[in-house]
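Accompanying notes for the structure given below.
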Amino acid sequence: KCQEDARLAILAELAAQRDATLSSRSLATLIDGIVPRRPPEWVETQIEWLAGMGAVNVQRSDLPGLGPVLIATLTRTGRMHVDRRAFIAGVTVPADES
C-alpha cells in the first residue's frame, strides 16, 4: 500500500507543477512525509516503475551539487490518473473531490 500511495503522491506533485517536472531529490523530500525513512533509491524505483507504466517520462541528469538524479515529467496517462479519467493499476486511486 505504501508503494501505491507514494506513486500517487509523485503523480499528484508533478501535476501541481507548472511544467509538470521535478527531480527525484525533490520528490524524495515529498515522499518522506508520506512514507518515512525510504532512501532516495526507493523513490527512484517508484519513478522508474511509473515510467514503465507510461505515467511519467524520465531523463537522467547530473545536477551541480546534487549529483545524478532522475528528472520526471508527467505524461498524459499520468495526468488522466490524477484527474480520475483513467486508472493505473498499482497506483492509489485519487480521493474523490466532493
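The values are calculated or read from the model by the stated rules, or taken from the named source; none is laboratory data. Owing to the predicted nature of the structure, the values given are computational and were not obtained by experimental measurement. Please note: Cβ atoms are built from the backbone with ideal geometry, for glycine as well, and neighbour counts cover all protein chains shown. Just so you know, the surface numbers come from the protein's heavy atoms only, side chains and all, with ligands and any DNA or RNA stripped out. Shrake-Rupley method; radii C 1.70, N 1.55, O 1.52, S 1.80 Å.
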>> Tell me whether the range 65-78 contains one or more residues that are crowded, with 17+ Cβ neighbours inside 10 Å, part of a helix (DSSP H, G or I) and within 11 Å of the chain's Cα centre (by Cα).
In response: yes
>> Pairs needed: first member in the range 8-23, surrounded by fewer than 18 Cβ atoms within 10 Å (Cβ to Cβ); second member anywhere, outside any loop (DSSP other than H, G, I, E, B) and among the small types (Gly, Ala, Ser); C-beta distance under 8 Å; at least 6 residues apart or different chains.
In response: Ala15/Gly78; Thr21/Ala72; Ser23/Ser61; Ser23/Ala72
> From the list Ala51, Ala28, which one is part of a helix (DSSP H, G or I), modelled with pLDDT under 95 and open to solvent by less than 80 Å² (accessible area, probe 1.4 Å)?
Replying inline: Ala28
> If you go through the range 4-22 one residue at a time, do you hit one that is hydroxyl-bearing (Ser, Thr, Tyr), in a helix (DSSP H, G or I) and under 22 Å from Gly67 (Cβ atoms)?
Replying inline: no
> Does Glu4 satisfy being surrounded by fewer than 17 Cβ atoms within 10 Å (Cβ to Cβ) and either within 24 Å of Ala95 (Cα to Cα) or without any contact (Cβ under 8 Å) to a residue 24 or more places away in the chain (or both)?
Replying inline: yes
> Out of all the residues in the range 1-40, which are among the acidic types (Asp, Glu) and touching a helix residue (DSSP H, G or I) at 6+ places or on another chain (Cβ under 6 Å)?
Replying inline: Glu13
> What pairs can you find where one residue is in the range 80-94 and within 18 Å of Ala20 (Cα to Cα) and open to solvent by 30 Å² or more (accessible area, probe 1.4 Å), the other is of a type in the set (Gly, Ala, Ser) and assigned to a loop (DSSP other than H, G, I, E, B), and their Cβ atoms are less than 8 Å apart, with a gap of 6+ or different chains?
Replying inline: Met80/Ala86
